[in-house]
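I have placed the structure first, in the form of structure tokens, so that the comments after it can refer back to it.
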Amino acid sequence: MTQFDCFAAEAVGFLQELKANNTKDWFAANKATYETHIKAPSKLFAEDMELALRDLTGQDHSSKIFRIHRDVRFSKDKTPYNAHLHLAFLPTGQAVQPPMWLFGLSPEKLSLGCGVLQYDKGALDTFRDAMAGPLGAELTQITLEMRNRGFRIGDPELKRIPPGFDKDHPHEEALRRKGFAVWMDTETPAFVLKSNLTELTAAEFAKLMPVFQLLSRIT
């Protein structure tokens, strides 16, 4: 059985060249490189990360590898491929929308994240109710602490507190969110070329455990 250690330099090179040559003809001519250095190792990496995240969190996880083909039906950008590799890891068996672990490799950098990018409608109501209580104060504190440590956190999506909550609520920033995710970015994508990549990635994800634990308490 093939063992996964890390991605090869050809994987990063493929994404860099795809960004510069995002056409069906170029992809067809280089599909073997994609199959060998992106698609196949991604599957092995995803399987290994499921186990590593179970060890980290105590919960079983499923994985998703996002398609390289873009859906261009409703987009002005008609380039056919995503010049990046995105994976998501999701704890299984939870009723409310749980936080995900996110792995995003682009030609310029690697981004690792944890959180919920956007809650579905029913889960958003549950999230807002939680943010109105003690968890909202905890999320505000985590936001402050992690920004001070250099993590990337987007601003709230709403300009005002949504209807149904006091407009002067002390958890105002948390209530204006439709989701919450925290990211760490590397300066280069070369991180994925390091030996024992699964262990290294899990060690980085461990820094985001406060986010995972807080969002997992929303029920």
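Residue-wise HN-Hα couplings along region 96-107, as the Karplus relation 6.51 cos²θ - 1.76 cosθ + 1.60 with θ = phi - 60° gives them from phi, are 8, 3, x, x, 10, 9, 10, 10, x, 9, 10, x Hz; Gly and Pro carry x.
Between Glu35 and Ala20, 0.36 nm times their residue separation minus their Cα-Cα distance comes to what? Display every interim value, and only then the final one.
Working: separation 15, 0.36 × 15 = 5.40 nm, distance 1.90 nm.
Computed gain between Glu35 and Ala20 is 3.5 nm.
Temperature 4 °C, viscosity 1.567 mPa s: under these conditions the Stokes-Einstein estimate for the chain, based on its Kirkwood radius over C-alpha pairs, is 69 µm² per second.
Here region 68-132 is treated with +1 on each Lys and Arg Cβ and -1 on each Asp and Glu Cβ, and its dipole about the Cα centre works out to around 260 debye.
This model, with +1 at the C-beta of Lys and Arg and -1 at the C-beta of Asp and Glu, gives region 24-98 a dipole about its Cα centre of some 500 debye. Less than 5 angstrom separates the built amide H of Tyr81 from those of Arg70, all sequence-distant by 5 or more or on a different chain. Would region 53-146 count as rounded, prolate or oblate if I go by the C-alpha gyration tensor, calling it rounded below 1.5 in a/c and otherwise prolate when a/b exceeds b/c, oblate otherwise? Judged from the Cα gyration tensor, region 53-146 comes out prolate (a/c at least 1.5, a/b above b/c). To put it simply, the accessible area of region 20-109 at a 1.4 Å probe is 52 percent carbon and sulfur. Within the assembled protein chains, the solvent-accessible surface assigned to Asp71 is about 90 Å², based on a 1.4 Å probe.
What Kirkwood hydrodynamic radius, in Å, does region 87-195 give when the mean of 1/r is taken over all pairs of distinct Cα atoms and then inverted?
On the way: mean 1/r = 0.0656 Å⁻¹.
One over the average 1/r among Cα pairs gives 15.2 Å for region 87-195.
When the surface is traced with a 1.4 Å probe over the full set of protein chains, Thr140 keeps roughly 60 Å² accessible. The string of couplings for region 170-177 from the Karplus curve (6.51, -1.76, 1.60, θ = phi - 60°) is x, 9, 3, 5, 5, 5, 7, 8 Hz, one whole number per residue in order, with x for Gly and Pro.
Which whole-number percentage describes the relative contact order of the chain, with Cα contacts under 8 Å and a sequence gap of 6 or more?
Working: 336 pairs, mean separation 51.1, N = 219.
Relative CO of the chain lands at 23 percent.
In region 34-100, inverting the average of 1/r over every pair of distinct C-alpha atoms gives 13.7 Å as the Kirkwood radius.
Within region 34-108, the chymotrypsin sites (Phe, Trp or Tyr not before Pro) that combine a DSSP coil assignment with at most 15 other C-beta atoms in a 10 angstrom radius are Phe66, Phe74.
Suppose all protein chains stay in the model; what accessible area per residue would a 1.4 Å probe give for the chain, in Å²?
54 Å²
The loop-placed GluC sites (Glu not before Pro) in region 164-207, going by DSSP, that have at most 15 neighbouring Cβ atoms within 10 Å of their Cβ come out as Glu187.
If the reach is capped at under 19 angstrom between alpha carbons, list the lysines near Lys64, excluding any in the same chain fewer than eight residues apart. Straight-distance partners of Lys64: Lys39, Lys43.
The values are calculated or read from the model by the stated rules, or taken from the named source; none is laboratory data. If you're wondering where the values come from, they're calculated on a predicted model, not measured in any experiment. Neighbour counts run over all protein chains shown; Cβ positions are idealised from the backbone, glycine included. Side chains included, ligands, DNA and RNA excluded: accessible areas come from the protein's heavy atoms. Shrake-Rupley method; radii C 1.70, N 1.55, O 1.52, S 1.80 Å.
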